[in-house]
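Everything below concerns the one structure shown next.
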Amino acid sequence: MHITSTAMHHVKDRYLNRWHCLLCFSFCLNDQFYISLSHLYVLCQKTVLSLRDPGVKNGRDSLMLAMLEKRCYTDSSANDIKMQGGKLIPFLTSGNPRRENSPAGSTLEDKERRAGVGGYLLYDIYQTNNLRSKGLAKARFPGAREKFVQLPKRDAQIEKLKSGKEYDVLVIGGGASGTGAALDATTRGLKTALVERDDFAAGTSSRSTKLIHGGVRYLQKAVMQLDKGALSLVFEALHERQLFLDAAPHLTHPLPIMTPCYNYWEIPYYWVGLKLYDLLAGSQNIGWSHFLSQRESGRQFPMLAQEGLKGSVVYFDGQMDDARMNVSLALTAAAKGADVANHVEVTALLKGADGKVNGAKVRDTQTGDEWNVAAKVVINATGPFSDSIRKMDDPEVQNIILPSSGVHVMLPNYYSPNTTGLIVPKTADGRVVFMLPWQGYTIAGTTDSSVEITHNPKPHDDEVEFILEALSDYLSVQVRRQDVQAAWSGIRPLAKDPKATSTASASRDHVIDTSDSGLVTIAGGKWTTYRRMAQDVVDKAVEVGGLKDKAGPCLTKKIPMIGGEKWEPAFFTVITQNYRRQKTTRDGQVVSAKFPSDVAQHLSHSYGTRSLRVAQLAQQKYGDRLANNYPYIEAEVVYACQEEYAVNARDLISRRLRLAFLDSEVGKRVAPRVVKLMGDTLKWDEERRASELKEVLEYLEIFNAVPEVKGNVTEGRIIQE
C-alpha cells in the first residue's frame, strides 16, 4: 500500500502551503498504516472521499470531515482523538485528485465504491496564518491535543475511603486551604485523603471578593508603621499572586483598579504608594500603575462622581472565579492520586493508645454510611469551623478563630465598566468599599464586622444598606436597593490575636496550631496565599506524622490546575470552529447550530481545555441555554454531575455555575430544569427530585437581598407603582 506522489503533491499544494509540517513516513503492513509525523497524522483505511465537492457554495473547496470511527495507529488512541474532537480529512491514493469530482449528494458508501484504497489525514497542525477551513482551528492550540485525565467517580472515591487502608495525611475541609493541602501532600508522594462536610467551596471560599491581591493595605501599614511583618506579607502575596495566575490562566486575569482622588494631596500619596507596589512585584508585576486626569477618569469609569474629582491612580491586581478555582483544586488533587470526597462529614476524631490523633470517624451525608479513616496525621482546614474540630480533640481548648462577616452585593453591569474596578481605600468611617466587574455584573462591598458562625450566613439589611450608601458617595447616581441582584455573606476565619479589639486589626496572615495529640490546624490567611498556606501546613504535617523520609519536596509552584494545561485566551475558537450544539427552536424542533461566541468563551474560561468535553455533550444533546442572556448551557449540568462531583442542585447552581451569586431570581427560574437534568443523569426518583427542588429554592433565598415592597413584580424584580 502506498500514497501516490500525485495525491501527496495535491495535499501539499492545496493544504500544507500555509503550515509548517514535518512528514516522516514509516513502514505499513496489512492495511494497518502508521505514519509518524510531527504535526500530521495519516490514518489508512479502505475509504476514499474526494477532496473537492462541486456542490459547495461558490465552488469553494470543501474539506469533507469525518469523525474517527475505527481503530487508528497513531501517537494517540482513538478515544483520545474523539475526546478532543479530532477530524479526519480524506485523500486519494491513486488517480489525480484535482480531476476527481464527486456528484452532489454522494454518500460515503457511493464514494467508497468508486474509489480504491485511500486514507484520512488528521490535521493537528500549528497554523501560521488565519484558518478559513472548518475543523482546523483547534490545531493551533497545543491544549486541544492534551490527553484528558479520567477522574475517578465520587462513588469510587468513597469506596477507597472505606477500604480500611491507612493514609499518610487526612485533610478535613474542602475549601481553598484544604484542597490546596491535599494537592500539595499527594504531589509529594504521600497517600492523601480529603473529606468535606458540604461541598467544595461551600463556605467562605466561594464568598470572597474574587480578587487575587498582593496586599495594598498591608503595604500602607508597612510604610506608615514601619512594620516589617506587613512588608513580608506583601512580598509573599505578590509572589503567590503570580503563581496563582500561572496555575489557572483560564480562571484568572489581571484587573485594573481605579483609586479616585478628591484631594490634591491624595494624588502623590497614592501614586507613590502604588509605584512602590509595582516595584516590590518586580518581574512579577502584572501591570504598571498610572495616573488619570479627571476627564480620563470619567471616561474610564462613567459612573464616578465628577464633582471635586482631581484625578485617579490606577493599579493592577488579579481576579478569579473563586468557587471554580476551589473545585479545580479538588479535581487536580484527585487527578494526582488523592482520594477526595465532598458531603462526607467528620463526626469524631480517632486516637491511639498513646493519645495521638490517628484518623477520624466519618459519615456520608448522602447515604448515612459511617466508617473510620485511619491516617498518620490529620490536618484541620475547616476555616471558620476550625475550633469545632479542635474541640473534638480537646473540649477545653481555647478558640483561635475570630469570625468576621464580609458582605458583598451584586449589581447590574452598568454600575462599572467591563474592564476596570473602583476602590475607595478609606471611607468616612475608615472602611474600604469597591466596585469590580465580574462575569457581566458588578460586585460591590465589603463589610468587616463580628458575626456568629453559621453554615449559611445571610446578609443583614443594615450591612447591605451600608454598602449602597457608601458607594453612592462616590457615584454620580444613587444606588437603589432594588438594583441588587444578589447578596451574600462570607465568614472570614481570621486568626485571633489576644490583644486585638476589632476584627480589622486581627491577623489576616495564617496560623498553624499543633495540639498535644498531634492535630494540625491551619487557620486565617486569604485566597491569594492558599498555596503557601498549604505548603506550610503540609510541612508541619510531615514533621508531626514522621513522614520526612517518605515525603518529597513541595511541587505546587509548577503544577497547573486541571484544564489550565497549555490553555490560551483564544482557546474558545476551538469550540466555535469545530463544534456544533443541539438546540431547541421556538417551535420545539431540535436543530444543530453554531456555538455562540459568549457561550464558547464562557466554557473556555470555566473549564479550560476540558471545555471540549462540555462542547461534546452539547453537540450530542445538551446545547440549550439554561436562561436567556446567560452563557450557561445544559451540558454543564450533565458534565458537573459526571466529572465534577456535583451531588445536589445547590452544588450546581451556586458553585459549578455561579447563578446564585449573580442573580438569585434567575437561579430560581432555572432550578426546575437543573433538577430535571441532574435527576436524569444521577437517576433520582420523583421523591428525590421534589426534595431537591424545595431545598435549592430555600437555599437561594439566602442570596435574595431585595426587601418586600408593594408593587408589581416582574421576573423577580420590583417595579415601583
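The values are calculated or read from the model by the stated rules, or taken from the named source; none is laboratory data. Quick caveat: nothing in here was measured; it's all calculated off a predicted structure. When we count neighbours, we look across all protein chains shown, and the Cβ atoms used for this are built from the backbone with ideal geometry, even at glycine.
Tell me the residue from 321, 354 that is among the acidic types (Asp, Glu), more than 23 Å from residue 474 (Cα to Cα) and without any contact (Cβ under 8 Å) to a residue 12 or more places away in the chain, please.
On the way: 321 fails: without any contact (Cβ under 8 Å) to a residue 12 or more places away in the chain.
Answer to the check: 354.
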Original post:
For residues in the range 504-539 being over 30 Å from the mean Cα position of the chain (by Cα) and among the hydroxyl-bearing types (Ser, Thr, Tyr), which is modelled with the lowest pLDDT?
Top reply: 505
Subject >> Pair list, Cβ under 6 Å, 6 or more apart: the range 674-701 residue in the same structural domain as residue 636 (by TED's automatic domain parsing) and aromatic (Phe, Trp, Tyr), other residue surrounded by fewer than 17 Cβ atoms within 10 Å (Cβ to Cβ) and part of a helix (DSSP H, G or I) >> reply: none
**OP:** Considering (1) surrounded by fewer than 20 Cβ atoms within 10 Å (Cβ to Cβ); (2) in contact with a Gly (Cβ under 7 Å, 6 or more places away or on another chain), say which one residue 326 fails and leave the rest.
**Re:** (1)
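So in the range 532-563, with the set limited to residues that are in contact with a His (Cβ under 9 Å, 6 or more places away or on another chain) and surrounded by 22 or more Cβ atoms within 10 Å (Cβ to Cβ), which one is farthest from residue 518 (Cα to Cα)? Walk me through it before giving the result.
Of the range 532-563, the ones in contact with a His (Cβ under 9 Å, 6 or more places away or on another chain) are 532-533, 536-537, 561, 563.
Applying the additional criterion that residues be surrounded by 22 or more Cβ atoms within 10 Å (Cβ to Cβ) yields 533, 537, 561, 563.
Details: 533: 18, 537: 13, 561: 31, 563: 36 Å.
Selected residue: 563.
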Subject >> Among (1) in contact with a Phe, Trp or Tyr (Cβ under 8 Å, 6 or more places away or on another chain); (2) within 16 Å of residue 198 (Cα to Cα) - the single one residue 322 does not satisfy >> reply: (2)
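A quick yes/no check of all residues on (1) assigned by TED's automatic domain parsing to the domain that holds residue 523; (2) in contact with a Pro (Cβ under 9 Å, 6 or more places away or on another chain):
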| site | (1), (2) |
| --- | --- |
| 160 | yes, yes |
| 183 | yes, no |
| 211 | no, no |
| 223 | no, no |
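I want to confirm something. Restricting to the range 279-291 and keeping residues that are outside any loop (DSSP other than H, G, I, E, B) and surrounded by fewer than 21 Cβ atoms within 10 Å (Cβ to Cβ), which single residue is nearest to the chain's Cα centre (by Cα)? Working first, answer last.
Taking the range 279-291 first, the residues outside any loop (DSSP other than H, G, I, E, B) are 279-284, 290-291.
Going one step further and asking which of them are surrounded by fewer than 21 Cβ atoms within 10 Å (Cβ to Cβ), we end up with 279-280, 282-284, 290-291.
Values: 279: 30, 280: 28, 282: 27, 283: 26, 284: 22, 290: 30, 291: 33 Å.
Only one residue fits best here, namely 284.
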Original post:
Within the set of pairs 6+ apart or on separate chains, which have a first residue in the range 209-227 that is closer than 18 Å to residue 275 by Cα, a second that is among the charged types (D, E, K, R) and in a loop (DSSP other than H, G, I, E, B), and C-beta atoms under 6 Å apart?
Top reply: 221/227
Original post:
Does the range 310-337 hold any residues that are closer than 30 Å to residue 154 by Cα and over 16 Å from the mean Cα position of the chain (by Cα), and which are they?
Top reply: 336, 337
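What about residue 636, is it more than 13 Å from residue 692 (Cα to Cα), assigned to a helix (DSSP H, G or I), of a type in the set (Asp, Glu) and free of Cβ contacts under 8 Å to residues at least 40 places away in the same chain?
yes
This table checks each residue for (1) at pLDDT 90 or above; (2) of a type outside the set (Ser, Thr, Tyr); (3) in a strand (DSSP E or B); (4) surrounded by 23 or more Cβ atoms within 10 Å (Cβ to Cβ).
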| site | (1), (2), (3), (4) |
| --- | --- |
| 436 | yes, yes, yes, no |
| 443 | yes, yes, yes, yes |
| 453 | yes, yes, no, no |
| 468 | yes, yes, no, no |
| 471 | yes, yes, no, yes |
| 487 | yes, yes, yes, yes |
Original post:
Is there a residue being under 16 Å from residue 337 (Cβ atoms), at pLDDT 95 or above, surrounded by fewer than 24 Cβ atoms within 10 Å (Cβ to Cβ) and touching a Phe, Trp or Tyr at 6+ places or on another chain (Cβ under 6 Å) anywhere in the range 256-265?
Top reply: no
